[in-house]
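Report on one structure; see the data block that follows.
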Amino acid sequence: MSDVLPEATDVLVVGAGPAGSAAAAWAARAGLDVTLTDAARFPRDKTCGDGLTPRAVGELAALGLEDWLRARVTSKGLRAHGFGQTLHLPWPGGNLPAWGSAVPRTELDDHLRTTAIKAGARAVDGVRAVDVRRAGGLVTHVVMRDGDTTREVACRRLVVADGVRSPLGKALGREWHRETVYGVAGRAYVDSTRADDEWISSHLELRGTEGEILSGYGWIFPLGAASGPDGTGEVNIGVGTLATAKRPADVALRPLMRHYADLRREEFGLGEELRAPTSALLPMGGAVSGVAGPNWALVGDAAGCVNPLNGEGIDYGLEGGRMVADVLADDRTGTTDLSRVWPTVLREHYGEAFSIARRLAGLVTVPRLLPTLGPAGMRSDLLMTLALRWMGNLVTDEDRDRAARVWRWAGRRSLAVDARPPFA
């Protein structure tokens, strides 16, 4: 542990990923008494593509981390490959930064946790939240386990940011609904002679080991060149496919990652060894219910805040952490009913975009649709530029241009016919 568990705290944050650490940092800066816990001991890894979109960069800059981030690798935009085409699609900028980045989660999460500690949060790692105690509907205590030792920590407000599986969220009644699209993804690290590339690469024509087109994509995200004389560094390499309960993914991720790396080895100067391969299932597009109770709220991956079109979750985690901290800071007495307020906040910010995005992502799982539409899309720079902006969560509430208006219009129409709206 980096600190000792207190007997009581005002705000208890469970999970020290981007969502939890952002919530803890912003709440502590607002003067609240905050304890941030995590089941792992830091630094620790997390299954992730490590990419940081301009939206994530903006949130990190708001936390005061822009200089730290600029000292790392930066990206101009997306290099999209597929169906005989390669397009260079710059980040659109506008109300967001015009650059992106990539940082291994081992480093990013550790730095964000340190930022929360510097803001005044108490941080305790190596303790697992396993249950809650309630009285009158309110969570009064969280049961924490450290090895064979169990303790109860009293709290007035609880923020649950314990990841895609969210064991504490499950104990609170959170349910993941798999009839809407979800992701199945794997990633690894590999040496590359193009680790200082200024573009992140995405291969939209992902083929399986038998040459079949899969409903997903492969990625190569540069992490910066090493200082060695051979000029090699490391990239994050991964594959992700989309699925639904009706059309589940039938792929073996590790063989698929190796196959994808073999196909890309010469072009990207990849090494032979794929290090630290991991995989995960990703609830997407707010496809969870039970995201809040009277004095508790789920944020980030735990709340299904993952982009259905590209699997991105870091920006939503950072934003969600800031937004839930704002709600808590505006309610010093702790009397606000989060079961009413927090789902409303999530729907206002993400409901329309998640609805249309997961509808479009669901279409990609339909057999033969991607091979039919993919080549036509890749022949249009304009269409792919729009797709980058829409798929990359790069339309902000402040945007008033035609592309933003079309996206919001489509989101409203989609939301109106959802059998189960996001976060419901």
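The values are calculated or read from the model by the stated rules, or taken from the named source; none is laboratory data. It should be emphasised that the depicted structure is a prediction, and the values quoted were computed from it without experimental measurement. Virtual Cβ from ideal backbone geometry, glycine too; neighbours counted across all protein chains shown. Ligands, DNA and RNA are stripped out before the accessible areas are found, and what is left, the full protein with its side chains, is counted by its heavy atoms. Shrake-Rupley method; radii C 1.70, N 1.55, O 1.52, S 1.80 Å.
How do the strands (runs of 3 or more DSSP E) wholly within region 69-113 filter down when requiring 3 or more residues that are open to solvent by less than 30 Å² (accessible area, probe 1.4 Å): which remain?
Filter on region 69-113 gives 77-82, 100-102.
State which residue pairs qualify: first residue within 14 Å of VAL124 (Cβ to Cβ) and open to solvent by less than 20 Å² (accessible area, probe 1.4 Å) and inside region 1-29, second residue assigned to a helix (DSSP H, G or I) and β-branched (Val, Ile, Thr) in any location, beta carbons under 7 Å apart, and separation of 6 or more residues or different chains.
So the pair list comes out as SER21/THR115.
Of everything in region 156-170, what is open to solvent by less than 10 Å² (accessible area, probe 1.4 Å) and in a strand (DSSP E or B)? Give them in sequence order.
Of region 156-170, the ones open to solvent by less than 10 Å² (accessible area, probe 1.4 Å) are 157-160, 166, 168-169.
Answer for region 156-170, where residues must be open to solvent by less than 10 Å² (accessible area, probe 1.4 Å) and in a strand (DSSP E or B): ARG157, LEU158, VAL159, VAL160.
ALA188: part of a loop (DSSP other than H, G, I, E, B), under 19 Å from GLU273 (Cβ atoms) and of a type in the set (A, V, I, L, M), yes or no?
no
Can you find, within region 171-219, the residue that is surrounded by the fewest Cβ atoms within 10 Å (Cβ to Cβ) among those that are among the basic types (Lys, Arg) and over 22 Å from the mean Cα position of the chain (by Cα)?
Once the filter is applied, the top-ranked residue is ARG207.
Can you go through GLU107, GLU59 and tell me which one is in contact with a helix residue (DSSP H, G or I) (Cβ under 9 Å, 6 or more places away or on another chain), among the charged types (D, E, K, R) and within 24 Å of TRP199 (Cβ to Cβ)?
GLU59
Output the number of residues of region 368-388 satisfying the condition of being open to solvent by 40 Å² or more (accessible area, probe 1.4 Å) and without any contact (Cβ under 8 Å) to a residue 40 or more places away in the chain.
8
Could you pull out the residue among GLY311, GLY334 that is within 19 Å of the chain's Cα centre (by Cα) and outside any strand (DSSP E or B)?
The unique qualifying residue is GLY311.
Could you pull out the residue among ALA19, ALA56, ALA40 that is in a loop (DSSP other than H, G, I, E, B), within 19 Å of the chain's Cα centre (by Cα) and modelled with pLDDT of 95 or more? Walk me through how you get there before you give the answer.
Details: ALA19 fails: in a loop (DSSP other than H, G, I, E, B); ALA56 fails: in a loop (DSSP other than H, G, I, E, B).
So the residue among ALA19, ALA56, ALA40 that is in a loop (DSSP other than H, G, I, E, B), within 19 Å of the chain's Cα centre (by Cα) and modelled with pLDDT of 95 or more is ALA40.
So, in region 259-294, how many residues would count as being of a type in the set (S, T, N, Q) and open to solvent by less than 10 Å² (accessible area, probe 1.4 Å)?
Summing the residues that are of a type in the set (S, T, N, Q) and open to solvent by less than 10 Å² (accessible area, probe 1.4 Å) in region 259-294 gives 0.
THR53 is checked against (1) closer than 17 Å to ALA22 by Cα; (2) free of Cβ contacts under 8 Å to residues at least 40 places away in the same chain and fails just one. What number does that condition carry?
Single failed check for THR53: (2).
Can you tell me how many residues in region 322-336 are open to solvent by 60 Å² or more (accessible area, probe 1.4 Å) and at pLDDT 90 or above?
Going through region 322-336 one residue at a time, the tally reaches 3.
Quick check on region 306-316. Is at least one of its residues of a type in the set (Asp, Glu) and open to solvent by 30 Å² or more (accessible area, probe 1.4 Å)?
No - not one qualifying residue is present in region 306-316.
Could you identify the single residue in GLU352, GLU348, GLU398 that is not in a helix (DSSP H, G or I) and not aliphatic (A, V, I, L, M)?
Answer to the check: GLU398.
Mind checking which residues of region 171-197 are among the basic types (Lys, Arg), closer than 19 Å to GLY285 by Cβ and modelled with pLDDT of 95 or more?
ARG174
Answer yes or no as to whether GLU273 is free of Cβ contacts under 8 Å to residues at least 12 places away in the same chain and farther than 27 Å from TRP390 by Cβ.
Here the answer is no, as GLU273 does not meet what is asked.
When the residues of region 234-254 are narrowed to those that are over 20 Å from VAL181 (Cβ atoms) and among the charged types (D, E, K, R), which ends up surrounded by the fewest Cβ atoms within 10 Å (Cβ to Cβ)?
Among residues in region 234-254 that are over 20 Å from VAL181 (Cβ atoms) and among the charged types (D, E, K, R), the one surrounded by the fewest Cβ atoms within 10 Å (Cβ to Cβ) is ARG254.
Yes or no: region 339-361 includes at least one residue that is open to solvent by less than 30 Å² (accessible area, probe 1.4 Å), among the basic types (Lys, Arg) and closer than 23 Å to THR244 by Cα.
Taking every residue of region 339-361 in turn, at least one turns out to be open to solvent by less than 30 Å² (accessible area, probe 1.4 Å), among the basic types (Lys, Arg) and closer than 23 Å to THR244 by Cα.
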